[in-house]
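K.L.:
One structure coming up, written as structure tokens, with questions to follow.
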Amino acid sequence: MKKILVPTDFSEQAFVALKAAAGIARKSNAEIILLHIIDMPQETMDMIKPGYDIPEIMLFKEGAEAKLTQTSMSEELNGLNVSQILILGRTFHEVINVAKANNIDLIVMGSHGASGFKEFFVGSNTEKVIRMSDIPVLAIKGNNSEVSFNKVVFANDFSEESAKGFEKIINFLKLNGANPHFLMINTPNNFKPTHIAEQMAHDFLKQYNLDAYEFSIYNDLDIEKGILNFAERVNADLIAMGTHGRKGFARLLNGSISEDLMNHSPKSIITFKL
């Protein structure tokens with residue numbers, strides 16, 4: 001891993017995410033790129049309607065530059081290679097654009113847990129970043145500033161559809177020293193006998209020459225509850241899930257399951273584009 005992008009709104013939760021990113025960067029000798037977006041009203045961006053006056057925009061910019069510099073000099077980043085990007089734009093679009101332009105390997109963002117994403121990532125911005133990003137996105141929950149990849153619960157349905165991009169996910173987890181614990185959730189509406197579920201999973205996973213992994217089947221009333229309950233049972237460090245970009249989350253996490261999981265999980269979550 002060479003570059004980690006950390007969007008920040010200078011809030012406490014964004015700083016927790018920055019500390020988590022710093023820990024990952026130290027292990028991989030990666031550069032941290034701090035990003036702040038001055039999210040001005042759309043009319044200012046389009047220059048069609050009157051928005052802020054130029055002096056006001058410059059004032060916002062100068063204040064943000066000072067905060068960005070102060071953040072980059074924080075004690076938590078001592079000894080790391082840190083650069084800064086400040087832009088005027090629309091939140092989630094610019095996160096994606098900056099990540100692509102700078103060959104980012106991982107995007108790290110903060111989350112407020114059960115109360116959802118707030119501040120800089122209010123509304124649907126975080127979901128859009130996750131859905132649109134071709135780059136892994138790590139959402140840090142609560143005050144978990146130390147992220148461990150030792151035990152990663154990766155829920156999957158082991159279908160042909162989920163195989164897209166799976167090798168990249170495995171390589172990413174290996175590079176971060178992860179011990180993946182693959183999980184299939186059995187629900188009343190989509191139940192598979194144990195021997196069939198095990199055969200599906202092992203046939204799927206043998207394609208990837210994994211040295212070591214764990215696999216479990218967990219029965220629950222729905223997928224979200226199953227993932228949360230299993231992750232709690234095994235004391236997972238991290239929950240991993242796949243996304244399908246513009247088409248929404250993978251069938252495993254279809255509908256509102258992904259949003260509920262992001263909001264309700266007390267554990268940090270990493271997402272990958274399938």
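The values are calculated or read from the model by the stated rules, or taken from the named source; none is laboratory data. What you are looking at is a predicted structure, and each value in this text was computed from that prediction instead of being measured. Neighbour counts are summed over all protein chains in view; Cβ atoms, including those assigned to glycine, are modelled from backbone coordinates with ideal geometry. Please note that ligands, DNA and RNA were not included when accessible areas were found on the heavy atoms of the full protein model with its side chains. Shrake-Rupley method; radii C 1.70, N 1.55, O 1.52, S 1.80 Å.
K.L.:
So between T187 and S74, what do we pick up on full extension, going 0.36 nm a residue minus the alpha carbon distance? Present the calculation step by step, with values, prior to reporting the outcome.
P.N.:
Working: separation 113, 0.36 × 113 = 40.68 nm, distance 4.70 nm.
Separation in residues times 0.36 nm, less the Cα-Cα distance, equals 36.0 nm.
K.L.:
With θ taken as phi - 60° and the coefficients 6.51, -1.76 and 1.60, list the Karplus ³J(HN,Hα) couplings across the range 144-159 in order, rounded to whole Hz; mark glycine and proline as x.
P.N.:
Going residue by residue, I get 7, 7, 10, 9, 10, 9, 4, 10, 10, 7, 10, 7, 8, 9, 6, 8 Hz, with x marking Gly and Pro.
K.L.:
Computed FRET efficiency, Cβ-Cβ of R90 and R233, R0 35 Å: what is it to the nearest 0.05?
P.N.:
0.30
K.L.:
Roughly speaking, to the nearest percent, how much of the range 144-201's 1.4 Å accessible area is carbon and sulfur?
P.N.:
47 percent
K.L.:
Want the number for A66 to N171: 0.36 nm per residue separation, take away the alpha-carbon distance, what's left?
P.N.:
34.0 nm
K.L.:
Could you give the length gained on full extension between S83 and A212, defined as 0.36 nm per residue of separation minus the Cα-Cα distance, in nm?
P.N.:
42.8 nm
K.L.:
So, R0 is 30 Å and r is the distance between the beta-carbons of E160 and H195; what FRET efficiency does that work out to, to 0.05? Could the numbers behind the result be given before it?
P.N.:
Working: r = 20 Å, r/R0 = 0.68.
The pair E160/H195 has a calculated efficiency of 0.90.
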